[in-house]
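The values are calculated or read from the model by the stated rules, or taken from the named source; none is laboratory data. Just so it is clear, the structure is predicted and the values come from calculations on it, not from any experiment. Glycine also receives a Cβ, built like all others from the backbone with ideal geometry; neighbour counts cover every protein chain displayed.
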Amino acid sequence: MREQHSSPPVIVIGAGIVGTATAAFLAMAGTPVRLLDASAPASGATGAADGAVSVASKRPGPMMTMARAGAALYRELAGQGLFQGLFHKRPTFLVAASDAEADVLSDHSKALGEVGAPVRWLTRDGAADRLPSLTRKVVAVLEVEDEGHAIGYSIVSRLISAARLKVERYCPVASLEYEGRSGRVSGVRVEGAVIEASAVVVAAGGGAGRLIGLPDVSRPRRGQQLVTERAPGLNAALPGSLLSCSYLLSKKHEGEKADARGYGVVIDPLETGQFLIGSTREEGRTIPENDIEAVAHLAASAQEMVPALGQLRILRCFAGIRTATCDGLPMIGRMPRTENLFVAAGFEGDGICLGPLTGRIMADLVRGEEPEMDVSPFDPGRFATGSIAA
């Protein structure tokens, strides 16, 4: 059976933050759109994210440049009312616990400065005044301003409401349909039916590679996190998130082994008065579950950075599966040899920061308009040596 439309809509596959933002910006621009998800909105990586809207945590290069623009868009949309009450502006404090980490932080500071991020070094006395709960066993602290925090599923919910989107839940896409040998996508196949489309945007996270014919360019990476009980006084004394330089080092060494597990401590003071503590970076893990070893390691590392956290109870643990590409850069753009197939996937743990910006860029590309920034470093064509899956 084929669902025909006099004017076929754009079909967006995946209702995480990237797919929802794409569909929302298309709808708000007047383009008919259908948003399909194999499960429910924000049920994948978006719902298990730490919510960091951060330039400080990105690797130097195109990711850091895009994150700077992504954080600026959050501030813009919060000011316009769309993200009001959801985006909370605050700094990030990068913490070096050794001379080796301080060297990494020095290089990272230069890269941040090159993309225009406002940074300042804190002296030991300055760090003690600004961050009284931080251990005194630190070598260096760098404050990065213009950062923020947003809960992924709250952003998704707001976008769905603002754009009046109807998410077609539990609607897995089996394959894409093509018009003969033209290379043009004609629709998507869902449970034996074909839904016609004027264009298709694949934003399906871990399922994207199969649909676009590139199943081997991405891999799963698990992240485990903890949430503490409320501690309003301790929470109020921390004006922003703490990010251990070990987190930056874990990104530099990611993917060295198929089953590697890396740790990087991030302590986020939440608006609820609680703390979110993360996170592992576990290669090849496909089941979103916690284990005692990881939970104990994260809790101990967080207490080492902020000793008073040791007095708090852990209320819950959770894990999520993020999809990373083999070169560490997401795929953003039009697929080669097709005029109306687009992909936005492979963001790993950076989807919250980059999601709204990517959605606006994808909406521009689908509508044939010039995007607001150069996304050529993320061109999916760099992987497209195989054939597209039909």
Please pick out the residue among 190, 227 that is surrounded by 15 or more Cβ atoms within 10 Å (Cβ to Cβ) and either free of Cβ contacts under 8 Å to residues at least 40 places away in the same chain or not assigned by TED's automatic domain parsing to the domain that holds residue 343 (or both).
227
The number of residues in the stretch 166-197 that are of a type in the set (Lys, Arg) and over 20 Å from residue 33 (Cβ atoms) is 1
Going residue by residue through the stretch 75-90, is there one that turns out to be of a type in the set (Phe, Trp, Tyr) and either part of a strand (DSSP E or B) or within 24 Å of residue 306 (Cβ to Cβ) (or both)?
no
Long-range neighbours under 6 Å by Cβ, at least six apart or interchain, first residue more than 30 Å from residue 86 (Cβ to Cβ) within the stretch 161-186, second modelled with pLDDT under 95 and of a type in the set (A, V, I, L, M)
178/390
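Say whether the condition of being hydroxyl-bearing (Ser, Thr, Tyr), touching a Leu at 6+ places or on another chain (Cβ under 6 Å), in contact (Cβ under 8 Å) with a residue 60 or more places away in the chain and assigned by TED's automatic domain parsing to the domain that holds residue 75 is met by at least one residue in the stretch 90-106.
yes
Yes or no: residue 296 of a type in the set (A, V, I, L, M), farther than 19 Å from residue 104 by Cβ and without any contact (Cβ under 8 Å) to a residue 40 or more places away in the chain? Explain how you work it out, then say what you get.
On the way: of a type in the set (A, V, I, L, M): yes; farther than 19 Å from residue 104 by Cβ: yes; without any contact (Cβ under 8 Å) to a residue 40 or more places away in the chain: yes.
It is true that residue 296 is of a type in the set (A, V, I, L, M), farther than 19 Å from residue 104 by Cβ and without any contact (Cβ under 8 Å) to a residue 40 or more places away in the chain.
Here is a list: 240, 273, 278. Which entry is in the same structural domain as residue 89 (by TED's automatic domain parsing), in contact with a Lys or Arg (Cβ under 6 Å, 6 or more places away or on another chain), in contact (Cβ under 8 Å) with a residue 60 or more places away in the chain and farther than 21 Å from residue 331 by Cα?
Details: 273 fails: in contact (Cβ under 8 Å) with a residue 60 or more places away in the chain; 278 fails: in contact with a Lys or Arg (Cβ under 6 Å, 6 or more places away or on another chain).
Answer to the selection: 240.
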I need the full set of residues from the stretch 16-37 which are within 19 Å of the chain's Cα centre (by Cα), in a loop (DSSP other than H, G, I, E, B) and more than 16 Å from residue 348 (Cβ to Cβ), in order please.
37
Determine whether residue 160 is under 22 Å from the mean Cα position of the chain (by Cα) and aliphatic (A, V, I, L, M).
yes
